[in-house]
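Novice: Sharing a structure with you now.
The values are calculated or read from the model by the stated rules, or taken from the named source; none is laboratory data. All values reported here derive from a predicted model rather than from experimental measurement. Glycine gets a Cβ as well: all are built from the backbone with ideal geometry, and neighbour counts include every protein chain shown. Side chains included, ligands, DNA and RNA excluded: accessible areas come from the protein's heavy atoms. Shrake-Rupley method; radii C 1.70, N 1.55, O 1.52, S 1.80 Å.
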Amino acid sequence: MRVLFFGTPEFAVPSLRALVGEGFDVAAVVTRPDRPTGRHRSHASASAVKTAALAEDLPVLQPDRPSAPEFVATVRELAPEIAIVAAYGHILATALLEVPRLGSVNVHASLLPALRGAAPIQRAILEGRTETGITIMRMDAGMDTGPILHQVTTPIAEDETGGELTVRLAELGAEALIEALTLIEETGLAPTPQDHASATLAPKIKREEERLDWRCPAEVVARKIRAFDPKPGAWTTCRAKELKLFGGRAEPASGEPGRVLEAGDVLRVACATGAVAATEVQPAGRARMAARAFVNGRGVAAGDVLT
């Protein structure tokens, strides 16, 4: 089966490697253009998918506008039988999705129709869900609205971070993709329409959502810390400077919301109900460190109020 692969972040890499490992004919890999990085924006940063593709000696395409007519024409010349999309970051035009004979399928990190959108992994943790999974779906013009081809479920551990869940779902997604493609090749897969009435959304995380609100219950605050670990990091202000918290867990306690109850091996902060104990922090402009190191550096003390 001749495949055209679309992807950008690390999440997509296991799926690409699985296709190569299983002997699929990857016609090309489509990813974002390189981005300037560094203090003077003088260095170009390749996506994780581009790096993986080059390591496999696969051709790489980096269109600015993947749905532009000239790129659609390029895809037609490649003559893929199927297109695979895994966290590519663009909404693709119907004209592009319909080029492959077998259509286009998406590797989505939720159990659709739940959590349609750009941030299903973080939002699954934010919402306190105990289960999530991977959906392999046939793509249409909507945002994650196409019919379902294959699904695999997995529990979310009580202390699992967004980063840890992303790694697990990336591997699970690769396995589910190969299972679905094998079935398509051998026996075909009958798509199942989604129940649109029960759909929920997982929009992109906004900057203001990353800020901790100590007026919330400790369980809610701890979930936000886990969901945004390691990136972008849930933050608060400490002595008028931004401070990100990691390794948060909810504990019984009482106090003024935002008040630091203990500053030692953990940073324990009162919430509306209960408290959150964080084991690691990241002050603005510095590396992530143990809470004890920040305390020893006099960055915070019991009695301070985080806002």
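Novice: When you scan the range 149-165, do you find a residue that is assigned to a helix (DSSP H, G or I), open to solvent by 20 Å² or more (accessible area, probe 1.4 Å), in contact with a Leu (Cβ under 7 Å, 6 or more places away or on another chain) and touching a residue at least 24 places away in the same chain (Cβ under 8 Å), even just one?
Specialist: Within the range 149-165 (the criterion being assigned to a helix (DSSP H, G or I), open to solvent by 20 Å² or more (accessible area, probe 1.4 Å), in contact with a Leu (Cβ under 7 Å, 6 or more places away or on another chain) and touching a residue at least 24 places away in the same chain (Cβ under 8 Å)), the answer is no, since none of the residues qualifies.
Novice: Okay, moving on. Quick test for you: out of ARG211, ARG168, ARG223, pick the one residue that is over 30 Å from VAL20 (Cα atoms) and either open to solvent by 70 Å² or more (accessible area, probe 1.4 Å) or of a type in the set (A, V, I, L, M) (or both).
Specialist: ARG211
Novice: Among what's in the range 35-55 and is modelled with pLDDT of 95 or more and over 21 Å from VAL107 (Cα atoms), pick the residue that is surrounded by the most Cβ atoms within 10 Å (Cβ to Cβ).
Specialist: ALA46
Novice: In addition: All but one of (1) touching a residue at least 40 places away in the same chain (Cβ under 8 Å); (2) under 14 Å from the mean Cα position of the chain (by Cα) hold for THR132, so report the exception by its number.
Specialist: (1)
Novice: Can you pull out the residues in the range 62-100 that are open to solvent by 50 Å² or more (accessible area, probe 1.4 Å), within 17 Å of SER15 (Cβ to Cβ) and at pLDDT 95 or above?
Specialist: The answer is GLU81, and nothing else.
Novice: Working only within the range 135-148, note down all residues that are under 13 Å from ALA199 (Cα atoms), surrounded by 18 or more Cβ atoms within 10 Å (Cβ to Cβ) and within 18 Å of the chain's Cα centre (by Cα).
Specialist: ASP144
Novice: Which of the helices (runs of 4 or more DSSP H) found entirely inside the range 29-107 contain at least 1 residues meeting this: of a type in the set (A, V, I, L, M, F, W, C) and over 24 Å from the mean Cα position of the chain (by Cα)?
Specialist: Here the list reads 69-78, 94-97.
Novice: Within the range 275-307, track down each residue that is surrounded by 20 or more Cβ atoms within 10 Å (Cβ to Cβ), touching a helix residue (DSSP H, G or I) at 6+ places or on another chain (Cβ under 8 Å) and assigned to a loop (DSSP other than H, G, I, E, B).
Specialist: Scanning the range 275-307 gives a single hit, VAL300.
Novice: On to the next question. Is there a residue in the range 26-48 that is out of contact with any Lys or Arg (no Cβ under 7 Å at 6 or more places or on another chain) and closer than 17 Å to LEU181 by Cα?
Specialist: Yes, some residue in the range 26-48 is out of contact with any Lys or Arg (no Cβ under 7 Å at 6 or more places or on another chain) and closer than 17 Å to LEU181 by Cα.
Novice: Hey, could you check the range 72-95 for residues that are hydrophobic (A, V, I, L, M, F, W, C) and out of contact with any strand residue (DSSP E or B) (no Cβ under 8 Å at 6 or more places or on another chain) and say which is farthest from ALA118 (Cα to Cα)?
Specialist: This residue is ALA73.
Novice: PRO59: in contact with a helix residue (DSSP H, G or I) (Cβ under 9 Å, 6 or more places away or on another chain), closer than 29 Å to GLY188 by Cα and not aromatic (Phe, Trp, Tyr), yes or no?
Specialist: Criteria met by PRO59.
Novice: Are there any pairs, at least 6 apart or on different chains, whose C-beta atoms fall under 6 Å, with the first in the range 65-79 and in contact (Cβ under 8 Å) with a residue 40 or more places away in the chain and the second open to solvent by 40 Å² or more (accessible area, probe 1.4 Å), and if so, which?
Specialist: Here the result reads PRO66/HIS90, each pair linking the range 65-79 to a residue that is open to solvent by 40 Å² or more (accessible area, probe 1.4 Å).
Novice: Given the structure, is LEU181 in contact with a strand residue (DSSP E or B) (Cβ under 7 Å, 6 or more places away or on another chain) and either touching a residue at least 12 places away in the same chain (Cβ under 8 Å) or assigned to a helix (DSSP H, G or I) (or both)?
Specialist: no
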